[in-house]
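The values are calculated or read from the model by the stated rules, or taken from the named source; none is laboratory data. Being a predicted model, the structure only gives us computed values, none of them experimental. Note: ideal-geometry Cβ built from the backbone for every residue, glycine included; neighbour counts use all protein chains shown.
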2 protein chains.
Amino acid sequence: MMDIKTAVAKLDELQKIQYAYSHAMGIVFYDAVTTAPKDTAEGRGVALGILSGEMYRKFINPEVDELLTFLSGNMSELDDHRKREVELLKKDFDRTKKIPENEYVEYQMLLNEADSVWHKAKEENDFESFRPCLEKIVAFNRKMAAYYDPEKDAYDVLLDLYEEGLTQETADAFFLKLRERIVPLLEEIMKKDQIDDSFLYGHFDINAQRQFSDYLMEKMCIDRSHCGIGETEHPFTTNFNKKDVRITTNYHEDNAVNSMFSVVHEGGHALYELGSGDEHEYTAVAGGVSMGIHESQSRFFENIIGRSRPFVKNVLPKLKELFPEQFRTVTAEQLYRAVNKVEPGLIRIDADELTYSLHIMVRYELEKQLIKGTLEVKDLPDAWAAKMKEYLGVDVPDDKRGCLQDSHWSSGSFGYFPSYALGSAYGAQILKKMEEDFDVYKAVEDDDLSPIVAWLTEHIWQYGKMYAPGALLEKCVGAPFDPQYYVDYLETKFRDLYSID
Amino acid sequence: MMDIKTAVAKLDELQKIQYAYSHAMGIVFYDAVTTAPKDTAEGRGVALGILSGEMYRKFINPEVDELLTFLSGNMSELDDHRKREVELLKKDFDRTKKIPENEYVEYQMLLNEADSVWHKAKEENDFESFRPCLEKIVAFNRKMAAYYDPEKDAYDVLLDLYEEGLTQETADAFFLKLRERIVPLLEEIMKKDQIDDSFLYGHFDINAQRQFSDYLMEKMCIDRSHCGIGETEHPFTTNFNKKDVRITTNYHEDNAVNSMFSVVHEGGHALYELGSGDEHEYTAVAGGVSMGIHESQSRFFENIIGRSRPFVKNVLPKLKELFPEQFRTVTAEQLYRAVNKVEPGLIRIDADELTYSLHIMVRYELEKQLIKGTLEVKDLPDAWAAKMKEYLGVDVPDDKRGCLQDSHWSSGSFGYFPSYALGSAYGAQILKKMEEDFDVYKAVEDDDLSPIVAWLTEHIWQYGKMYAPGALLEKCVGAPFDPQYYVDYLETKFRDLYSID
């Protein structure tokens, strides 16, 4: 018979081991996309394959099963932190254990294959070549959901993987509100004169852009002794622990603000990880709790702060200094309008703040149908085109700029997309609450984001994964999630921008 | 009872696991010194501590013991490659096993501490503060040698750790020859007019230096799709497998050739790793066999090729292109003389080709005495000063530029230094053999190093660790190691340079 003290010691050891493997594999991945010479995938694959197997066996084994079962049965003897550790680990353990090992391995092999098949299909605009892979991935996701929880709707099970506690009920209500308010607003905007943003395009020296990144990170109060910046095709943030966070960006010589908003966005992710409480380190509770909350932080900084009038005004002198030629005659208001220009397009990652969520809505509705089986993979391209026309008013000329554009489905992520849009909506609700405590835009105007960083640390970041995303948001804003704040925020901002009553 | 087939399969698995851990930990280290934000050591230490422990237990356990014992007893049933795998693994296993785990852990902790104590002592020029650490490290090295092989002289045991098969007998004869020929030659050179190398100092744009590195690596036939370059305080080379090799350099804004020769030196190490046979991958036989052979390759490229007249002549136009201001009036002969200027100094890593081995000789003689017990740690600074005066004719003003300058002893490496000098000597003997097959300097003159790369691949690189260093050299040059070639090479080169008959 185990005693609590021994069990807790074993729990610590287990979590430290998981941390160690994640740390090493995380760095191997980061190196791969930022630094490694290009033809090095083979040997890396061999190493990562072995280490993932080791990590899997360190977790899924009878001893850990016994440990987690024992601790789950003795929760009353644990403090809140331990309780949450056990809860998260047990959930992960139970899920992972439920998939037969051979099916798991088969699926990993399928995903490996799908990645290159998808890349090629996108390049060659050839959906048919990717279709069989995608069919298998959809089928596996359905099966996986049934393994995890046969009682629950499959898509709800998948949503919960990325945003603990999220259901279609919540997501449907959210997207309904978006559709009702944003689609008509967009139609109104399209009737207005287009904003001139031509000065954002030209030639912008990469080294100067690198300096601009450092400037932005400093402005965001990011502690550079614990946060690096690399360069990758697709910007992202990763953390190995709360004191070792890395963001990446992608510099485009012909565009100055693309990387700027990547840095501010990823900087938001980084701040969240850097702000996680020390007490969570090397446990399952460390770091950001969910995709949705993470996006709420990154999009808060990118859009609510970064695309605000006072922020844009404050960075303009630096832009003029680094790129004098291009920005000499540009006013703060011109820059503000340019970086907020609404332009319905085909590509999600190029979308403006207003239309971004509509791109997500297209994906949400389609993947929901795919998982439910009410849409077949072969009909996806047409369904995609129809939704894009309906919500964004654009015609999809080909699949590479249509349903082949994102990597998510090829990498098996169904239920992931909604969290992007939810994050934006959380952010607007958080802003409202923050404004009760202090004048947020006054702080931005004063060129001092530290009160914002302090507030978010206190109300969100410090908690790590202690609370499920919904509970964390409620704890922070004092009310359940309400998408009203977000659509109000968007309406106010864009009606003002386009002089619509 | 095990059968050979099962045993060989287990052997493969063991080696792949070792590969996977080394790969991951290697990348974590590489990231740490090239990319990681500065205050990230803590979390990395936790991860690496756990993973080293995991890797240790994957190796030192009864099952592996049984496996290696079984295979060692059935060598006749194994092919040569398997035999060598077993031989190397068994040697490593037996050694590692012999150190009681608590002493091993204690020593690792001592080394951890010693590293920071040494750094501080060097910075503050305070040998006394480092003395107790060094005493313990020396004592442990003696004890470790006794664990490994109580019958053998302790320093011979240590030499064998870094250069399999090397003994003091060989090293003594080598250094004796060096002393007899090089010390008097240096005295003669010092009476001659000094070479003017002032144009090597000035301002050299770092980005242009980076371009120069790429140019040099291309010239050396280094496949960049498998070899990256990073920037670190001390240049080094590391490999994760034969298709993923990284070199580093350190750019000095005030000096153009410092990084040039680092790149050519590390490029030599990289070529050796890149040229290891495919059949060794993921086994104990993969990669360069020893420090000495490795240095023979790096110093071959750095000095024998890189500091030769034709090489210098060929890179000069590129230098003129990248740094027109500084090199406009410089001739090939001036550059050749400047990069070969002999200047006895205090610092090993800044030493020229001729005096470098004398720096090593100082360390060799002193560490030999420390391990034998004929020199006490407390007397090291004085002994150091005396040797430096005797061999290089320089006065040592303080310990930070004396016995505190290198990190080797603080990191527990006794027996490592000689391989630097041996490598240079191997290189000269290899050159002689290569010249029997084709006109080496004609190839350099023709600006085509590929015949050199092909020859070294065929005679050295492809073998990985299949042969012990001495045997490999003998296989390559058809005779045992003979330091005569090296001293002849140095005499010829430097007598010519300084017009000494």
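So which of A:289, A:312, A:285 ends up being crowded, with 22+ Cβ neighbours inside 10 Å, without any contact (Cβ under 8 Å) to a residue 40 or more places away in the chain and away from chain B (no Cβ under 14 Å)? Talk me through it step by step, then tell me what you get.
On the way: A:289 fails: without any contact (Cβ under 8 Å) to a residue 40 or more places away in the chain; A:285 fails: without any contact (Cβ under 8 Å) to a residue 40 or more places away in the chain.
From the options A:289, A:312, A:285, the qualifying one is A:312.
Among (1) buried (at least 20 other Cβ atoms within 10 Å of the Cβ); (2) of a type in the set (A, V, I, L, M); (3) under 29 Å from residue B:292 (Cα atoms), which single condition is residue B:200 missing?
Result: residue B:200 passes all but (3).
Scan segment B:181-216 for residues that are among the hydroxyl-bearing types (Ser, Thr, Tyr) and without any contact (Cβ under 8 Å) to a residue 60 or more places away in the chain and jot them down.
Passing the criteria: B:198, B:201, B:213.
Scan B:379, B:406 and give me the residue that is surrounded by fewer than 19 Cβ atoms within 10 Å (Cβ to Cβ), on the phi < 0 side of the Ramachandran plot, assigned to a loop (DSSP other than H, G, I, E, B) and not hydrophobic (A, V, I, L, M, F, W, C). Before you say what the answer is, go through the steps one by one.
Working: B:379 fails: assigned to a loop (DSSP other than H, G, I, E, B).
Of B:379, B:406, the one residue that is surrounded by fewer than 19 Cβ atoms within 10 Å (Cβ to Cβ), on the phi < 0 side of the Ramachandran plot, assigned to a loop (DSSP other than H, G, I, E, B) and not hydrophobic (A, V, I, L, M, F, W, C) is B:406.
Inside segment A:261-272, can you point out the residues that are in contact (Cβ under 8 Å) with a residue 60 or more places away in the chain and out of contact with any His (no Cβ under 9 Å at 6 or more places or on another chain)?
Listed by number, the residues that qualify are A:261, A:271.
If you go through segment A:331-347 one residue at a time, how many are in contact with a Lys or Arg (Cβ under 8 Å, 6 or more places away or on another chain) and either farther than 26 Å from residue A:318 by Cβ or not assigned by TED's automatic domain parsing to the domain that holds residue A:311 (or both)?
Total meeting the criteria: 2.
Which one of these is hydrophobic (A, V, I, L, M, F, W, C) and outside any strand (DSSP E or B): A:222, A:229? Outline the logic, then answer.
Working: A:229 fails: outside any strand (DSSP E or B).
Just a single option satisfies the conditions, and that option is A:222.
Could you count how many residues in segment B:151-208 are polar (S, T, N, Q) and part of a helix (DSSP H, G or I)?
Summing the residues that are polar (S, T, N, Q) and part of a helix (DSSP H, G or I) in segment B:151-208 gives 4.
Has segment B:5-21 got any residue that is touching an Asp or Glu at 6+ places or on another chain (Cβ under 6 Å) and either of a type in the set (Ser, Thr, Tyr) or within 9 Å of chain A (Cβ to nearest Cβ) (or both)?
Of all residues in segment B:5-21, those touching an Asp or Glu at 6+ places or on another chain (Cβ under 6 Å) come to none.
Checking segment B:5-21: not a single residue is touching an Asp or Glu at 6+ places or on another chain (Cβ under 6 Å) and either of a type in the set (Ser, Thr, Tyr) or within 9 Å of chain A (Cβ to nearest Cβ) (or both).
Test each condition in (1) farther than 30 Å from residue A:271 by Cβ; (2) free of Cβ contacts under 8 Å to residues at least 40 places away in the same chain for residue A:145 and report the one that comes out false.
Result: residue A:145 fails condition (2) only.
Within segment A:68-85, how many residues turn out to be among the basic types (Lys, Arg) and either in contact (Cβ under 8 Å) with a residue 40 or more places away in the chain or farther than 18 Å from residue A:466 by Cα (or both)?
Of the residues in that region, 2 qualify.
Determine whether segment A:250-270 contains at least one residue that is more than 11 Å from chain B (Cβ to nearest Cβ), of a type in the set (Asp, Glu) and touching a helix residue (DSSP H, G or I) at 6+ places or on another chain (Cβ under 8 Å).
Checked segment A:250-270: at least one residue is more than 11 Å from chain B (Cβ to nearest Cβ), of a type in the set (Asp, Glu) and touching a helix residue (DSSP H, G or I) at 6+ places or on another chain (Cβ under 8 Å).
For segment B:2-24, what are the residues that are of a type in the set (Ser, Thr, Tyr) and surrounded by 14 or more Cβ atoms within 10 Å (Cβ to Cβ)? If you could, list the steps in order and put the result at the bottom.
Taking segment B:2-24 as the starting set, the residues that turn out to be of a type in the set (Ser, Thr, Tyr) are B:6, B:19, B:21-22.
If the condition is that a residue be of a type in the set (Ser, Thr, Tyr) and surrounded by 14 or more Cβ atoms within 10 Å (Cβ to Cβ), then B:19, B:21, B:22 are the ones that fit.
Each row is one residue, and each column tells you yes or no for (1) assigned by TED's automatic domain parsing to the domain that holds residue B:468; (2) farther than 26 Å from residue B:237 by Cα; (3) exposed (fewer than 14 other Cβ atoms within 10 Å of the Cβ).
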| residue | (1), (2), (3) |
| --- | --- |
| B:36 | no, no, no |
| B:42 | no, no, yes |
| B:47 | no, no, no |
| B:65 | no, yes, no |
| B:71 | no, yes, no |
| B:75 | no, yes, yes |
| B:82 | no, yes, no |
| B:117 | no, no, no |
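From the list B:242, B:219, which one is within 14 Å of chain A (Cβ to nearest Cβ) and in contact (Cβ under 8 Å) with a residue 40 or more places away in the chain?
Only one candidate passes the filter, namely B:242.
Just to check your reading of the model, which residue among A:494, A:481, A:438 is more than 30 Å from residue A:189 (Cα to Cα) and either hydrophobic (A, V, I, L, M, F, W, C) or in contact with a strand residue (DSSP E or B) (Cβ under 6 Å, 6 or more places away or on another chain) (or both)?
On inspection, the qualifying residue turns out to be A:438.
For the list (1) assigned by TED's automatic domain parsing to the domain that holds residue B:402; (2) closer than 16 Å to residue B:96 by Cα; (3) touching a helix residue (DSSP H, G or I) at 6+ places or on another chain (Cβ under 6 Å), I need the number of the one condition that residue B:160 fails.
The one condition residue B:160 does not meet is (3).
Can you name the residue in segment B:206-247 that is surrounded by fewer than 21 Cβ atoms within 10 Å (Cβ to Cβ), under 22 Å from residue B:318 (Cα atoms) and polar (S, T, N, Q) and is also nearest to the chain's Cα centre (by Cα) among such residues?
Among those that are surrounded by fewer than 21 Cβ atoms within 10 Å (Cβ to Cβ), under 22 Å from residue B:318 (Cα atoms) and polar (S, T, N, Q), it is B:211.
Could you list all residues from segment B:471-482 that are within 20 Å of the chain's Cα centre (by Cα) and among the small types (Gly, Ala, Ser)?
The one that is within 20 Å of the chain's Cα centre (by Cα) and among the small types (Gly, Ala, Ser): B:471.
Let's see how each residue does on (1) over 20 Å from the mean Cα position of the chain (by Cα); (2) surrounded by 15 or more Cβ atoms within 10 Å (Cβ to Cβ):
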residue	(1), (2)
A:418	no, yes
A:434	yes, yes
A:437	yes, no
A:442	yes, no
A:450	yes, no
A:457	no, yes
A:469	no, yes
A:489	yes, yes
